[in-house]
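Enquirer: Provided herewith is a single structure, encoded as structure tokens, for subsequent inquiry.
All of the numbers you see were taken from the coordinates with simple rules; none came from a lab. Given the structure is predicted, the values throughout are model-derived calculations rather than measurements. Virtual Cβ from ideal backbone geometry, glycine too; neighbours counted across all protein chains shown.
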There are 2 protein chains.
Amino acid sequence: MAKTQDTGPVTMQSVADAAGVSPMTVSNTFRHPARVLEETRLKVLKVAADLGYVPNHVAGNLASGQSRVIGAVIPSIKNSSFYKYVRGMQDAATARGYQLVLKLAESLAQETAAIQTFIGLRVAGIALVGDEHEDAAIDLMRKTGVPVVESWVDQAPFDMAVGYSTVAATRAMIDLLLTAGYRKIGFVGYAGAVSHRFAERLPAFRERLAARGLRTDLIHLADETDGFGAGPKALEALCRIDPEIDALLCPTDILAAGVLFECGRRNWKVPQRIAVAGWGDYEIASEITPGLTTLEPHTYDMGHAAIQAIVDRADGKTGKGLLLDTGFHIVRRDSA
Amino acid sequence: MAKTQDTGPVTMQSVADAAGVSPMTVSNTFRHPARVLEETRLKVLKVAADLGYVPNHVAGNLASGQSRVIGAVIPSIKNSSFYKYVRGMQDAATARGYQLVLKLAESLAQETAAIQTFIGLRVAGIALVGDEHEDAAIDLMRKTGVPVVESWVDQAPFDMAVGYSTVAATRAMIDLLLTAGYRKIGFVGYAGAVSHRFAERLPAFRERLAARGLRTDLIHLADETDGFGAGPKALEALCRIDPEIDALLCPTDILAAGVLFECGRRNWKVPQRIAVAGWGDYEIASEITPGLTTLEPHTYDMGHAAIQAIVDRADGKTGKGLLLDTGFHIVRRDSA
DNA sequence: TCGGGGCTTTGTAGCGCTAAAATCCCTGCA
DNA sequence: TGCAGGGATTTTAGCGCTACAAAGCCCCGA
């Protein structure tokens, strides 16, 4: 068995030599098994396994101009809100024979760098979160023509997009609070770099309350980096505007949880004294007491659809400007 | 300016033609700027920018046999414990001119697949979490000889490793509880697939208490997938063994937070009725009331060191069997 | 004035793989 | 027996880039 001579790295050529076939047959064994006689295929497979051959996809890519890798840029792994999204992407990619790789980008500049890396790697497609990108990034994507999907977007895709209507979602939440009898409803948004993603909710909030003749000025913009801590700050700020505020719509469950913690400290009963609604259905929403009523976007579906769109494009199936609505639903618990 | 004729994708050759230099000079402009006269370099850069040229690293890799991409496999993005780790890796990679890409692997089989993908991509190195891997994965890594770093490991590296001593950490935590006067100390671990990562803590727990002649049977193994919910279950199970249990060492802050929630429901004062200690210093630890005393491994440093080790290897600086201790410290809050 | 040394630039060759065309070989039928 | 037909396999020709060696060029001292 002195077969495995250490002749440097194992290449397709070495497998071919050892199996007594041409490199092309080895290639076909892996990429188009149907083209190879079963007997030959098994022999090649065996030799490859013995030698510990791993196909060099870098070379394969270069030769074929095709890639089976999809790159996803995610803005955060600090909270769990992207978990299901990534799972959805992962499952869809695997099912279609693609590989998903992730890059973390916590700023637009980092996003651009990540996109550049992915394009440098000649991935089959790129999945982005949101529709706010640097000009340089947009330029890059346009010029190279990589398939791009934006997620959490519900209008005007740059190339393709998946998402849900945050306007419809905000309305649904407000309606839920109104139906439950709350009248002094506060709104918390986020300021700063991420503000864009939350910006559409505010007009929907105002419109809905104005239609009922209710006050629409109980608004506070929080700092996302405060995490839970933004909750107490928001509650305090809004109480200063109107101490009798009786409901609060939060931009994320994290902030909502922070509000609930603060309510605990103040001995405020939820939802009697004040109702609290979150957004995202993070893990904490179901674990905290009282359970947090929250809005769950169908993020798994979103990730799944995003990858599907990219793969379909790679297979030449779909055109430009695709926009998918993956929906949402409200998870009713005790806090509102 | 009818310079940008649409002649398919922009390659190094097209940049060279447009700039009136050889492809090699374009290559050098990007990879070894010092070798190129500033005037030439600027000209090339300008032409490249005009044309929207993005170097094809796939081809570059193949030609040079080198890669500037490092692959990290992370077991979860559901909780925040890997956030700082990833940040550390990211920062170290960027500082050294490398790119970090992530793959999520929630089972050993997925980890193996991820490793295979990375090897197929011929990354410069692979960062893994833990020291439990499938034989197939170990085979693959050995045969191909990719630099591999394991994190959260404190002994017997497969290739290179970074981590901290969980035994020392467990001892430190127990000592803190003993010093504070607690005597009926309970231990919660995790059963199932992740058990391995938590297995070393138990003997340290037993040894420390046995040395003081205290009972060492207040042990419960929880289900990791229960999240917060594992906390109440653990408390209940341990109370059944001894209702007078007065301290609890939890395997993660998530579980500890679950215990605190349950204590709230039971109206148990923490730390008077029972002390609760967590592990990981997750975001929730500082936000919950009472503040959670917890153990913070230096995960940022761990990620940083992991990438450093890989890059050093790639630069031919360090040998095999490297093991770095990145340490930990206890964050004392109110719960213990 | 000429040769040598250093810096810049350019050929040459090939990384490992694959699409496409060419070849081979076997079968079936006239 | 000869040959068309079709599947299996091999040959050919790069994919876009980089290591390395070779060539140009310019300046300076002898």
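Enquirer: Under the classification rounded if a/c is under 1.5, otherwise prolate if a/b is larger than b/c and oblate if not, where does region B:229-336 fall, given a ≥ b ≥ c as square roots of the Cα gyration tensor eigenvalues?
Expert: Working: a/c = 3.56, a/b = 2.81, b/c = 1.27.
Prolate, since a/c reaches 1.5 and a/b exceeds b/c.
Enquirer: For a footprinting-style exposure proxy, rank A:173, A:141, B:24 by other Cβ within 10 Å, fewest first.
Expert: Details: A:173 28, A:141 20, B:24 12.
In increasing order of surrounding Cβ atoms, one gets B:24, A:141, A:173.
Enquirer: So which residue, out of B:287, B:150, B:134, gets the largest mean-square fluctuation from a GNM of chain B using Cα contacts under 10 Å as springs?
Expert: B:287
Enquirer: Given R₀ = 22 Å, what would the calculated FRET efficiency be for residue A:244 paired with residue A:207, taking r from the Cβ atoms and rounding to 0.05?
Expert: The computed FRET efficiency comes out at 0.45.
Enquirer: Report the full-extension gain for the segment residue B:199 to residue B:268: residue separation times 0.36 nm, less the Cα-Cα distance, to one decimal in nm.
Expert: Details: separation 69, 0.36 × 69 = 24.84 nm, distance 2.94 nm.
Stretched out fully, the residue B:199 to residue B:268 stretch lengthens by 21.9 nm.
Enquirer: To continue, here is another question. With a 10 Å cut-off between alpha carbons and a GNM built on chain A, which of A:63, A:275, A:180 moves the most?
Expert: A:63
Enquirer: In deg cm²/dmol and to the nearest 500, what is the mean residue ellipticity at 222 nm of chain B if only DSSP H runs of at least 4 residues count, each as -39500 (n - 2.57), divided by the residue total?
Expert: Numbers: 14 runs with 152 residues, N = 336.
Counting only the DSSP helices, I get -13500 deg cm²/dmol.
Enquirer: Which lysines, on any chain, are close to residue B:269 with Cα under 24 Å apart, when same-chain ones fewer than 8 places away are left out?
Expert: Partners found: A:269, B:184, B:233.
Enquirer: Hey, another quick one. Reachable lysines from residue B:103, Cα under 20 Å, same-chain residues fewer than 8 places away excluded?
Expert: A:78, A:84, A:103, B:78, B:84
Enquirer: Shifting gears a bit: Of B:192, B:130, B:227, which is the most mobile in a GNM of chain B whose springs link Cα atoms less than 10 angstrom apart?
Expert: B:192
Enquirer: A follow-up question, please. Above 30 Å lies some portion of the pair distances; for chain B, what is it as a whole percent of all C-alpha pairs?
Expert: 48
Enquirer: Test of the criteria: in region B:253-334, which chymotrypsin sites (Phe, Trp or Tyr not before Pro) are in a DSSP loop and have at most 16 other Cβ atoms within 10 angstrom of their Cβ? Display every interim value, and only then the final one.
Expert: Details: sites: B:261, B:268, B:279, B:282, B:300, B:328; in loops: B:268, B:279, B:282.
Of the chymotrypsin sites (Phe, Trp or Tyr not before Pro), the ones in loops of region B:253-334 whose Cβ has at most 16 other Cβ atoms within 10 Å are B:268.
Enquirer: For the protein assembly as shown, report the % of Cα-Cα distances exceeding 34 Å. Don't skip to the answer; put the middle values down first.
Expert: Numbers: 118893 of 225456 pairs.
Of the Cα pairs, 53 percent sit more than 34 Å apart.
Enquirer: If you don't mind, another one. Nearest 10 degrees, 0 to 90: what angle lies between the long axis of helix A:38-51 and the longest principal axis of chain A (Cα atoms)?
Expert: 80
Enquirer: Answer rounded, prolate or oblate for region B:50-143, using the Cα gyration tensor with square roots of eigenvalues a ≥ b ≥ c: rounded when a/c is under 1.5, else prolate when a/b is larger than b/c, else oblate.
Expert: The shape class here is oblate.
Enquirer: Still on this structure: So how do A:129, A:259 line up by other beta-carbon neighbours within 10 Å, fewest first?
Expert: Fewest-to-most Cβ neighbours within 10 Å comes out as A:129, A:259.
Enquirer: Give the angle, between 0 and 90 degrees and rounded to the nearest 10, that separates the Cα long axis of helix B:299-314 from the longest principal axis of the Cα atoms of chain B.
Expert: Here the helix axis deviates by roughly 40 degrees.
Enquirer: Something else: If we count every other residue with Cβ under 12 angstrom of residue A:154's Cβ, Lys/Arg +1 and Asp/Glu -1, where does the sum land?
Expert: -2
Enquirer: Further question on the same structure: When DSSP assigns beta bridges and you keep just the ones with both residues in the protein assembly as shown, what percent turn out antiparallel, to the nearest 5?
Expert: Values: 9 of 70 bridges.
So the antiparallel bridges in the protein assembly as shown amount to around 15 percent.
Enquirer: Tilt of helix A:230-241 relative to the longest C-alpha principal axis of chain A, in degrees (0 to 90, nearest 10)?
Expert: In chain A, helix A:230-241 runs at an angle near 30 degrees to the longest axis.
Enquirer: I've got another one for you. Label points 7 Å out from Cα along the Cβ direction at residue B:49 and residue B:138: separation in nm?
Expert: Rounded to a tenth, the inter-label distance reads 5.2 nm.
Enquirer: In terms of modelled amide H atoms, which long-range or inter-chain residues lie less than 5 Å from the amide H of residue A:56?
Expert: Placed amide hydrogens put nothing under 5 Å from residue A:56.
Enquirer: Using modelled backbone amide H atoms (1.01 Å from N, in-plane), which distant-in-sequence or interchain residues come within less than 5 Å of residue B:276's amide H?
Expert: B:248, B:336
Enquirer: Continuing with this model, one more query. What are the lysines whose alpha-carbon lies under 24 Å from the alpha-carbon of residue B:46, with same-chain residues fewer than 8 places away excluded?
Expert: Excluding near neighbours in sequence, the set is A:143, B:3.
Enquirer: Also, I was wondering about something else. Can you list residues whose amide H is under 5 Å from residue B:148's amide H, if they're 5+ apart or on another chain and H is modeled 1.01 Å from N?
Expert: B:126, B:160
Enquirer: So for B:239, A:263, B:250, fewest C-beta neighbours within 10 Å to most, what's the order?
Expert: Sorted ascending by nearby Cβ count, the order is B:239, A:263, B:250.
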